[in-house]
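The values are calculated or read from the model by the stated rules, or taken from the named source; none is laboratory data. A quick note: this is a predicted structure, and the numbers were derived from the prediction, not measured. We place every Cβ from the backbone using ideal geometry, glycine too, and count neighbours over all the protein chains shown.
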Amino acid sequence: MIKAKNVVKIFSGRSGVVRAVDGVSTEVARGEVVVVIGPSGSGKSTFLRCINGLETFTEGHIIIDGVDLADKKTNINKVRAEVGMVFQQFNLFPHKTVLENLTLAQIRVRKRSRKEAEDNALMLLKKVGISEKATEYPSRLSGGQQQRVAIARALAMDPKVMLFDEPTSALDPEMVGEVLDVMKQLAREGMTMIVVTHEMGFAREVADRVIFMDEGRVVEVGTPEHFFTNPREERAKLFLKQVL
Amino acid sequence: MNATNKTWPWRLLLVVILLGVAAGTWGAIMKIDYQWRWKRVPQYFMYQAEIPQKIPFDGRVGAIVQNGKEMRVTLISEEAKKVVRTVAADSLKVSEGEDLFIGDIVGFSKSWRLGPLTLGLWTTLWLSAISSVFALFLGLITGIARVSKNITLRGLAMIYVECIRGTPLLVQIFIAYFFLGTVFNLSRNVCGIGALALFAGAYVAEIVRAGVQGIPKGQTEAARSLGMTAFQTMKDIILPQAFKKILPPLSGQFISLIKDSSLVSVIAITDLTKSGREIITSTFATFEVWLIVAAMYLLVTSLLSQLVFYMERRLAVSD
């Protein structure tokens, strides 16, 4: 499904060159839920953003369903339509109602009729439990509700993969649960997911595989049981000691 | 502490200051020898024109029939051809049976005509309106080019904006008329509109650039992550949000444009300002005319402000 081969992302700024992602290789199978954890600045978000082309990577290959993102001929917009993304800051369109947030890309990109898009949107809003807010503007919603709308917006494109970039980090603690519940439900339904998060409980419960990153590299990969109970690497042990 | 703030003393102070300014101005005017002739002004808004009605052939006057305040005069030629001329009753110059030669005046018909102030205002309005439309398009394109990734586009936009903002509008109008107008054989109206549009366009571009850059990056990322193209993102996500934010400075720019359009009077476009100057040369009512002209500009710009205020409230629903 997704194959990353030796992905390198170099940011060059005035303060020098930063290898944000430094030779990451991994594979994600269809229906698999992969949780990426690591200290801040470890390059996990940057890697995630490389997967849907929000960051262009410097070296390596990312192949999604047989399409190589490093290939110049690849239409990145077509790839993105298949790869849903949920952001830390929700990034809902504030000038559009909840329903319009969900229908816009369906109509523009998937070329669905308004009716078809709206039906699909209402079904998804029901699924994430906020169908009664369809006509509201995002500013009237709580953080948790906004994030659930953002998930529904990504799902409305019928993506093959969902990427979550710290989806609960900007939420008030009491709203984290409702968003994680939606994500758990998605995982149970067999959605392929890559989740960057600090929610260790979620990782333990839902992940098929945990990837631990530090300084742009994959330090340790394993099942949640293995990773949380008996990690091999020192760096991973240190990190777990600090967060658990 | 007293929690309730009393506002009435400050309101009173405001009124006192305004009255003071008015009284001071009044006193200063009274000191100089100036004959106020407000009565002369209304005719420059609208006046009753007297159009001479002439006999188109050699002939004589037939029947004259009164019809209210008008007289219907039947004129009969030597070949017994009849025409009817309608003139104002008090301007009738002929009587029944009188012999006339071709071109003799039968009387005058009266009709209302727009005066130079009204026509000047109209010129100012359409000149500003057309310039605004061009300026908006130009500014939109340039503003987006300014934030483009393409260095050529960015460079062109920057040079345009810097050149226009770094030179006075009056000089630009002269260049547009005397240089470009001569080289490309353009009419004065085209030169005037072109200069105003180019000038306002540069400022609109800066406003648009600031507006687009003021939209969080996450909006672009969210739209692009859904597979929308750069163009769709700009059109559906960035510009609608940016437009809401830049409406106040944008309207300020268009209000400026209306005022700046007074400068095109230097290339002999008869706008409101030029009309004012022309009226003064024939009436010497300098004070009255300039005050009236100022009031007319003020009226137009405040109407525009009100319109924008209304639009802002309409657009605020999603906040």
For this session: Please indicate, with yes or no, whether at least one residue in region B:122-141 is closer than 30 Å to B:ILE64 by Cβ and of a type outside the set (Gly, Ala, Ser).
Result: no
Exercise. Among the residues of region A:100-129, which ones are in contact with a helix residue (DSSP H, G or I) (Cβ under 7 Å, 6 or more places away or on another chain) and among the hydroxyl-bearing types (Ser, Thr, Tyr)?
Worked result: A:THR103
For this session: Please verify whether region A:71-81 includes one or more residues that are under 30 Å from A:GLY222 (Cβ atoms) and touching a residue at least 60 places away in the same chain (Cβ under 8 Å).
Result: no
Exercise. In region A:196-228, what residues are more than 14 Å from A:PHE239 (Cβ to Cβ), touching a helix residue (DSSP H, G or I) at 6+ places or on another chain (Cβ under 7 Å) and of a type in the set (Val, Ile, Thr)?
Worked result: A:VAL196, A:VAL206
Exercise. Just checking, which of A:ALA117, A:ALA105 is crowded, with 23+ Cβ neighbours inside 10 Å, without any contact (Cβ under 8 Å) to a residue 60 or more places away in the chain and within 14 Å of another protein chain (Cβ to nearest Cβ)?
Worked result: A:ALA105
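Report yes if A:ARG140 is modelled with pLDDT of 95 or more, under 17 Å from A:LEU102 (Cα atoms) and within 14 Å of chain B (Cβ to nearest Cβ), otherwise no.
no
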For this session: Working only within region A:98-123, note down all residues that are over 19 Å from A:LYS78 (Cα atoms) and of a type in the set (D, E, K, R).
Result: A:GLU100, A:ARG114, A:LYS115, A:GLU116, A:GLU118, A:ASP119
Problem set entry | Residue count for region B:31-52, restricted to those that are in a strand (DSSP E or B) and under 23 Å from the mean Cα position of the chain (by Cα) | 2
For this session: Any chance you could count how many residues in region A:50-68 are farther than 24 Å from A:GLY31 by Cβ, among the charged types (D, E, K, R) and not in a strand (DSSP E or B)?
Result: 1
Problem set entry | Whichever residue in region A:69-91 is in a loop (DSSP other than H, G, I, E, B), out of contact with any strand residue (DSSP E or B) (no Cβ under 8 Å at 6 or more places or on another chain) and facing another protein chain (nearest Cβ under 7 Å) and, among such residues, is surrounded by the most Cβ atoms within 10 Å (Cβ to Cβ) | A:ASN91
Seminar exercise, completed: Per the filter on region B:222-236, residues buried (at least 21 other Cβ atoms within 10 Å of the Cβ) and more than 7 Å from chain A (Cβ to nearest Cβ) are B:ALA223
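Taking region A:1-33 on its own, how many of its residues are small (Gly, Ala, Ser) and either under 19 Å from the mean Cα position of the chain (by Cα) or buried (at least 19 other Cβ atoms within 10 Å of the Cβ) (or both)?
So the count comes out to 5.
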Seminar exercise, completed: Scanning region B:8-46 residue by residue, those modelled with pLDDT under 90 and among the hydroxyl-bearing types (Ser, Thr, Tyr) turn out to be B:TYR34
Exercise. Would you pick out the residues in region B:165-194 that are within 30 Å of B:LYS235 (Cβ to Cβ) and crowded, with 22+ Cβ neighbours inside 10 Å?
Worked result: B:ILE193
For this session: Quick one: count up the residues across region B:274-295 that are among the small types (Gly, Ala, Ser), in contact with a Lys or Arg (Cβ under 9 Å, 6 or more places away or on another chain) and free of Cβ contacts under 8 Å to residues at least 24 places away in the same chain.
Result: 0
Problem set entry | Any hit, region B:103-110, residues being among the β-branched types (Val, Ile, Thr), modelled with pLDDT of 95 or more and buried (at least 18 other Cβ atoms within 10 Å of the Cβ) | no
